[in-house]
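Student: Just dropping this structure here.
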Amino acid sequence: MNTPLNSFRNLPDERGHFGQFGGRYVAETLMPLVLDLEREYRKAQQDPAFQAEFDDLLEHYVGRPSPLYFAPRLTEELGGAQVWFKRDELNHTGAHKINNCIGQILLAIRMGKTRIIAETGAGQHGVATATVCARFGLPCVIYMGAEDVKRQSPNVFRMKLLGAEVVPVTSGGATLKDAMNEGLRDWVANVHDTFYIIGTAAGPHPYPEMVRNFQSVIGKEARAQMLDRTGRLPDLLVAAIGGGSNALGLFHPFLDDPSVKMLGVEAAGRGLDGDEHAASLLGGSPGVLHGNRTYLLQDADGQITEGHSISAGLDYPGIGPEHAWLKESGRVDYTAVTDEEALDAFQLLCRTEGIIPALEPSHAIAAVKKVAPTMPKDSIILANLCGRGDKDIFTVADRLGVAL
Amino acid sequence: MSRFASAFGKPRPALVCFITAGDGDTAANLDALVEAGADVIELGMPFTDPMADGPAIQSANLRSLGAGTTTADVLRYATEFRARHPNVPLVLMGYANPMVRRGPEWFAEAAAAAGVDGVICVDIPPEEDFDSPWALGPALRERGIAPIRLATPTTDSARLPQVLAGSEGFLYYVSVAGITGKQQAAIASIKENVARIKQSTELPVAVGFGVRTPEQAGEIARHADGVVVGSALVEICGAYGAEAPAKLRELTAALAHAVHTARQD
C-alpha cells in the first residue's frame, strides 16, 4: 500500500524517532548490537521467505486469522453503537503476544543466536516466548518481577512446563520494569549468543517498529474482515495499553483512514488523582527509560515511580514511543479506566457474551461500556480482545471475595 | 591546565574512584578516597533503574534513594567537594533521565556551578547526543564540562570515531561486555583494546568494570592511563556504614600504590 505524503504510518525515521520520542538510549555495549539487529531486520523484511515462514506459522501454529466477532448481547445491553471484537484471545497461548514472538524468534534464528531471553509482567509474553523457544528448540530465560511471580503463578508453571527458566527479579518494586532492567543486564553480558525478545512496542529502535509490524497482522486482518462483513470501516477502535503493542497492532493499519477514530485505554488503577495508577500518557511526562524517550511515571528528579494496576500486564511506568507521538499528534485519543471499572467490564463480558476476557482487555471493554451508549446504533466500535482471562480468575476471585 | 590534564599528566597512571552519592556519609567517604591517593573522583547519581550496573551498585542506588537523596543533594555534595578539594577532578556519573529531567541546559548549568569537571551519562549514545533539545553533550561542552564517553569491547574500529567525536576529559574503556562489578577481562584483551583506542585519540584512556583488587589494578595500569574502581568501594560503603571511611582509606591506599608504581619495574 502506498502511504500518502502526510501519512501517520511512515514513522519512525531512520534513527528510530517518532517525532521527539523513541530513539536508541542504550549503553555503548549494546549500541553495536542494536544497530546490527536493525540491519538484520531490514534484510528479513526484504526477504519473501522470511515473510512466508512468518505467515505459515501464524496460520498453522497460532491459528490465524483470528475471528472478527459481533457481540449482540453486549451491544443490546449498552444500547448504542454495535460492538465488535477482534478475537486475539483465541490465539495459541491465549493472547496477542505470540504474534510478535514468532516474528522475533525467526529473526533470532536467522541471526544465528542460540539463546533467548525475555521479560514478562502478567506472564503472557513469557509464556509466548517459552512456547516459541520450545517449538524451535532454543534455551530460554524469562525475567519476571518477584511480585508478579506471586500474582501470576499459573503462568509461571506454564513457562516451566514449556522448558523455560523463570528468574524472579527482586530489585526495585519487583515488577515488569525491574524484569526489563534485568533482561537488559543479561543481554549486555551475553551479547555474543543471546537474542532479547522484547514483548511490547517499546525499548531501543528497532524494537518499537519491529514489534508494531509483527503485531499489525491484527489490524490488517480486522480491516479486511470488517470490509468483507459490513462493507465499511469501523467508526471507533478501542484497545488497552500497557506498553501498547496490541493497540498499535490494531490501530496502525487504520491510521490513514480519517473516518476511523481511535481510543487507547490506560490503567487508572485506584484513580488518576493519586499515585496508584499505570497511566503514563495521562498521568506522566516525557523522559528516557529502557532505551527510548517516551512518557513515563516519574518524580521531579526523574526517578521512576511504581505503577499500579489490577492487571499485571498494564503495570508498567512507561509506554511505547509511538503512542507518545500519536497522542501529541492528536491522531489517537487516550483515556484511562480504574481497577473497579475493569473488574465490572470483565464480569459484563462473561455474562453477556460467554467470553472470559483477560484483565488487560477488560480495560478496553470498560471504555467501550462508557462510549457505546453515546454513539448512534448504526455506528461500529471494534475493540481488541487481546487476551483470555483464565490466568486472571484467581485475582478476580480474590477481589470479589471468593475463596477458591 | 584543566584538572583532568594535570591528573592524567603525571608520569604515572591515575587512580579513578567511584562511589554513589548519598550512600552513607558522602563527604567523609570522598575525603577518604582523596586522602588515600585517588586522582579522579566519579560520583554516582542514584537512579531507580540502573540498567548497566551489577548488584553492588544497584543496591547502593537503592540505599541512597531510600535515604531520600535528591538531585539537589548530589549537586550539594559536588559543590562542597570542590570547596574542600580545589584540584581534584570530579565527574558525575549516571543515567539520562535524572540528568535531562529539567533539561540538559539546566543540568549543565547546575553542574558547572557545582565545580564539576566531567559527566558520564551511561545511556545517551553519540547517535542521540546532538541536534535535539535534550542532547546533553552540547550543553555540557558549552559550559566547559567534559562529556566523557564509554568505549566497550563491542565498539569496533568502524564505530570508534563516532564515540570519540565530542569526547573530552578522558575515554572510559569498559573492559568487559557486561554490567559493573562482575568478572574481569583478560589482560591481553585490555592491552590490545587500549592500544587500538590510543591510536585514534589523544585523550587519556581509563579502564574500568570488574577491577576489584590492587593486583588487578596494578596489572591494568601497566597498559592504561588510568584505572577505575567502583563496585569494590561501593560494597565497603554498604557493609560498613559510618565506619566506611577508614575501610575505604585502606583499600584506596593499596589501589593507589599499585596503580602509581605499576610502571616502575
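The values are calculated or read from the model by the stated rules, or taken from the named source; none is laboratory data. Values in this document were obtained by computation on a predicted structure and should not be read as measured data. Every residue, glycine among them, receives a Cβ derived from its backbone with ideal geometry; neighbour counts consider all protein chains shown. Each accessible area value is taken on the protein alone, full model and side chains, heavy atoms only, with ligands, DNA and RNA left out. Shrake-Rupley method; radii C 1.70, N 1.55, O 1.52, S 1.80 Å.
Student: So in the range A:346-398, with the set limited to residues that are farther than 23 Å from A:Gln82 by Cα and more than 24 Å from the chain's Cα centre (by Cα), which one is least open to solvent (accessible area, probe 1.4 Å)?
Tutor: Among those that are farther than 23 Å from A:Gln82 by Cα and more than 24 Å from the chain's Cα centre (by Cα), it is A:Ala397.
Student: Further question: Go through the residues of the range A:165-177 one by one and say whether even a single one is closer than 24 Å to A:Leu37 by Cα, assigned to a helix (DSSP H, G or I) and either touching a Leu at 6+ places or on another chain (Cβ under 9 Å) or open to solvent by 20 Å² or more (accessible area, probe 1.4 Å) (or both).
Tutor: Yes.
Student: Take A:Ala81 and tell me if it is of a type outside the set (Phe, Trp, Tyr) and without any contact (Cβ under 8 Å) to a residue 24 or more places away in the chain.
Tutor: no
Student: I would also like to ask the following. Test each condition in (1) of a type outside the set (A, V, I, L, M, F, W, C); (2) within 14 Å of another protein chain (Cβ to nearest Cβ); (3) farther than 23 Å from B:Leu62 by Cα; (4) open to solvent by 10 Å² or more (accessible area, probe 1.4 Å) for A:Asp301 and report the one that comes out false.
Tutor: (3)
Student: Now a separate question. Is the range B:170-189 home to any residue that is part of a helix (DSSP H, G or I) and either over 26 Å from A:Trp187 (Cα atoms) or more than 14 Å from chain A (Cβ to nearest Cβ) (or both)?
Tutor: Yes.
Student: Here's another thing I want to ask about it. Could you grab the pairs with beta carbons closer than 7 Å, sequence gap of 6+ or different chains, first residue in the range A:30-56 and within 14 Å of chain B (Cβ to nearest Cβ), second one β-branched (Val, Ile, Thr)?
Tutor: A:Leu30/A:Val188; A:Pro32/B:Thr154; A:Pro32/B:Thr155; A:Leu33/A:Val191; A:Leu33/B:Thr154; A:Val34/A:Val26
Student: Would you be able to say whether some residue in the range A:7-23 is more than 14 Å from chain B (Cβ to nearest Cβ), of a type outside the set (D, E, K, R), touching a residue at least 60 places away in the same chain (Cβ under 8 Å) and surrounded by fewer than 16 Cβ atoms within 10 Å (Cβ to Cβ)?
Tutor: The answer is yes, given that some residue of the range A:7-23 is more than 14 Å from chain B (Cβ to nearest Cβ), of a type outside the set (D, E, K, R), touching a residue at least 60 places away in the same chain (Cβ under 8 Å) and surrounded by fewer than 16 Cβ atoms within 10 Å (Cβ to Cβ).
Student: Given the condition closer than 25 Å to A:Phe394 by Cα and either without any contact (Cβ under 8 Å) to a residue 12 or more places away in the chain or assigned to a loop (DSSP other than H, G, I, E, B) (or both), answer yes or no: does some residue in the range A:193-204 qualify?
Tutor: Yes, there is a match, as at least one residue in the range A:193-204 is closer than 25 Å to A:Phe394 by Cα and either without any contact (Cβ under 8 Å) to a residue 12 or more places away in the chain or assigned to a loop (DSSP other than H, G, I, E, B) (or both).
Student: Got a sec? Which of A:Leu382, A:Leu349 is touching a residue at least 40 places away in the same chain (Cβ under 8 Å) and in a helix (DSSP H, G or I)?
Tutor: That would be A:Leu349, the only listed residue that is touching a residue at least 40 places away in the same chain (Cβ under 8 Å) and in a helix (DSSP H, G or I).
Student: Determine which member of the set A:Leu349, A:Leu385, A:Leu326 is touching a helix residue (DSSP H, G or I) at 6+ places or on another chain (Cβ under 8 Å) and under 30 Å from A:Ser285 (Cβ atoms).
Tutor: The conditions single out A:Leu326.
Student: Restricting attention to the range A:252-260, does a residue exist that is in contact with a helix residue (DSSP H, G or I) (Cβ under 7 Å, 6 or more places away or on another chain), surrounded by fewer than 23 Cβ atoms within 10 Å (Cβ to Cβ), without any contact (Cβ under 8 Å) to a residue 40 or more places away in the chain and within 14 Å of chain B (Cβ to nearest Cβ)?
Tutor: No, the range A:252-260 contains no residue that is in contact with a helix residue (DSSP H, G or I) (Cβ under 7 Å, 6 or more places away or on another chain), surrounded by fewer than 23 Cβ atoms within 10 Å (Cβ to Cβ), without any contact (Cβ under 8 Å) to a residue 40 or more places away in the chain and within 14 Å of chain B (Cβ to nearest Cβ).
Student: Kindly state which helices (runs of 4 or more DSSP H) lie completely within the range B:48-141 and contain at least 2 residues that are within 14 Å of another protein chain (Cβ to nearest Cβ) and modelled with pLDDT under 95. Let's see the steps before the verdict.
Tutor: Values: elements: B:55-66, B:71-84, B:96-100, B:104-113.
Here the list reads B:55-66.
Student: Could you identify the single residue in A:Leu250, A:Leu227 that is part of a helix (DSSP H, G or I), within 11 Å of the chain's Cα centre (by Cα) and at pLDDT 95 or above?
Tutor: Sole residue among the options that is part of a helix (DSSP H, G or I), within 11 Å of the chain's Cα centre (by Cα) and at pLDDT 95 or above: A:Leu250.
Student: Also, quick follow-up: Of everything in the range B:190-202, what is assigned to a helix (DSSP H, G or I), touching a helix residue (DSSP H, G or I) at 6+ places or on another chain (Cβ under 9 Å), more than 14 Å from every other protein chain (Cβ to nearest Cβ) and not charged (D, E, K, R)? Give them in sequence order.
Tutor: Across the range B:190-202, the qualifying residues are B:Ile190, B:Val194.
Student: Filter the helices (runs of 4 or more DSSP H) completely within the range A:4-116 down to those with at least 3 residues that are under 27 Å from A:Trp187 (Cβ atoms) and out of contact with any strand residue (DSSP E or B) (no Cβ under 8 Å at 6 or more places or on another chain).
Tutor: Qualifying helices (runs of 4 or more DSSP H): A:31-45, A:48-57, A:97-110.
Student: Specify which of the listed residues (A:Gly330, A:Gly271) is away from every other protein chain (no Cβ under 14 Å), out of contact with any Lys or Arg (no Cβ under 8 Å at 6 or more places or on another chain), open to solvent by less than 20 Å² (accessible area, probe 1.4 Å) and on the phi > 0 side of the Ramachandran plot.
Tutor: Exactly one residue qualifies, and that residue is A:Gly271.
Student: Taking the range A:46-55 on its own, how many of its residues are open to solvent by 80 Å² or more (accessible area, probe 1.4 Å) and either small (Gly, Ala, Ser) or within 22 Å of the chain's Cα centre (by Cα) (or both)?
Tutor: Qualifying residue count, the range A:46-55: 1.
Student: Kindly list the number of the only condition in (1) at pLDDT below 95; (2) open to solvent by less than 10 Å² (accessible area, probe 1.4 Å); (3) in contact with a Gly (Cβ under 7 Å, 6 or more places away or on another chain) that fails for B:Val211.
Tutor: The number of the failed condition is (3).
Student: With the requirement that a residue be at the interface with another protein chain (Cβ under 10 Å from one of its Cβ atoms) and open to solvent by 40 Å² or more (accessible area, probe 1.4 Å), what does the range B:151-169 give you? Give the steps one after another, and end with the answer.
Tutor: So in the range B:151-169, the residues at the interface with another protein chain (Cβ under 10 Å from one of its Cβ atoms) come out as B:151-156, B:158-159, B:162-163.
Across the range B:151-169, the qualifying residues are B:Pro153, B:Asp156, B:Ala158, B:Gln162.
Student: Just one of the numbered conditions (1) open to solvent by 10 Å² or more (accessible area, probe 1.4 Å); (2) under 21 Å from A:Cys386 (Cα atoms); (3) not hydroxyl-bearing (Ser, Thr, Tyr) is not true of A:Asp148; which one?
Tutor: It fails just one condition, (1).
Student: Further question on the same structure: Hey, A:Tyr196 hits all of (1) among the hydroxyl-bearing types (Ser, Thr, Tyr); (2) crowded, with 22+ Cβ neighbours inside 10 Å; (3) under 18 Å from A:Leu326 (Cα atoms); (4) within 14 Å of chain B (Cβ to nearest Cβ) but one; which does it fall short on?
Tutor: (3)
Student: When you look at B:Ala177, is it over 20 Å from B:Phe4 (Cβ atoms) and open to solvent by 20 Å² or more (accessible area, probe 1.4 Å), yes or no?
Tutor: yes
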